[in-house]
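Just so you know, all these numbers are worked out from the coordinates, no wet-lab data involved. Here the structure is a predicted model, which means the values were calculated and not measured. FYI the Cβ positions are ideal-geometry reconstructions off the backbone, even for glycines, and counts take in every protein chain you see.
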Amino acid sequence: MIKSFVELKIIYKLRSNILIIKLLESMIEMEGKTVAESRVELAQIMYPEHANPAGNVHGGYILKLIDQAGAIVAARHTHSNVVTASVDRMDFISPAYIGNLVFAKASLNYVGRTSMEIGVRIEAECLKTGRHTHIGSAYLTFVALDEADNPIEIPKLIPETEEEKRRYSEAKERRMKRLKKSKIARNEPQPCIVRPEKLEKTK
């Protein structure tokens, strides 16, 4: 059924308003977000499949929790596909055992144009005694990508507290050191693996 001129005009205005609202929301988001908006804490009980025969939780599983927590923070901040670009050195200060409750506490430290540093602290709690221990901490760098796997600009970070401002400054210095090290690798040509779903399109 053909709509009247008045109906078409109303529809056009509504669609225009929706586009304007979306544009304004995008502009506000790009102005910046606070650390609290994306902070996350994961909790996981350690079972036999997470540990070796002696009951010690595998370091690899702890690293998996670290990466998962970091990825969630990055995704909440950017609302886009994010990938791990680097992980700083990880020292295991204390062990975790079967039956322990392990926490992964993650939050943003610094945000650049397309990448961000996220700090993750791992703790363990003995559910029998209630005792807490610090297992280790790590800094991860994530990059936000568009549908074509190209880096995209992300919202800035707004540090509010003195602690957040200190972490922001320290993370910025670490970023400069990482960039200096990465220049060597960037000059070496590397083969690029294509996503499986894109292989059909290239044939």
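Over 31 Å apart at the Cα level, from the set LYS177/LYS198; LYS33/LYS128; LYS105/LYS177, are LYS177/LYS198; LYS33/LYS128. Taking amide H positions as modeled 1.01 Å from N, with prolines and chain starts lacking one, the residues under 5 Å from TYR97 and 5 or more places away or on another chain are VAL57.
Extension gain for the segment ASP91 to LYS64, taken as residue separation times 0.36 nm less the Cα-Cα distance, is 8.3 nm to one decimal. Our summary of shape: the Cα atoms of the range 31-186 have principal axis extents of 46, 36, 29 Å, ordered from largest down, in whole angstrom. When the alpha carbon coordinates of the range 99-164 are projected onto the principal axes, the ranges are 48, 32, 13 Å, largest first.
Put simply, when 131-139, 169-177 are sorted by average Cβ atoms within 10 angstrom per residue, most first, you get 131-139, 169-177. For ALA148 and ASN52, what does the FRET efficiency come to when R0 = 45 Å and r is the distance between their Cβ atoms, rounded to the nearest 0.05? Working from the Cβ atoms, E equals 0.60. Fully extending the segment from ALA75 to SER182 would add 36.1 nm, taking 0.36 nm per residue of separation and subtracting the current Cα-Cα distance.
Under the simplified labelling scheme, the GLU160-LEU199 pair shows an inter-label distance of 4.8 nm, with each label point 7 Å from Cα along Cα→Cβ. Cut-off 17 Å, label point 7 angstrom out along Cα-to-Cβ of GLU37: give me the residues of the range 100-135 whose amide nitrogen falls inside. Of the residues in the range 100-135, 107-118 have backbone N under 17 Å from the label point off GLU37.
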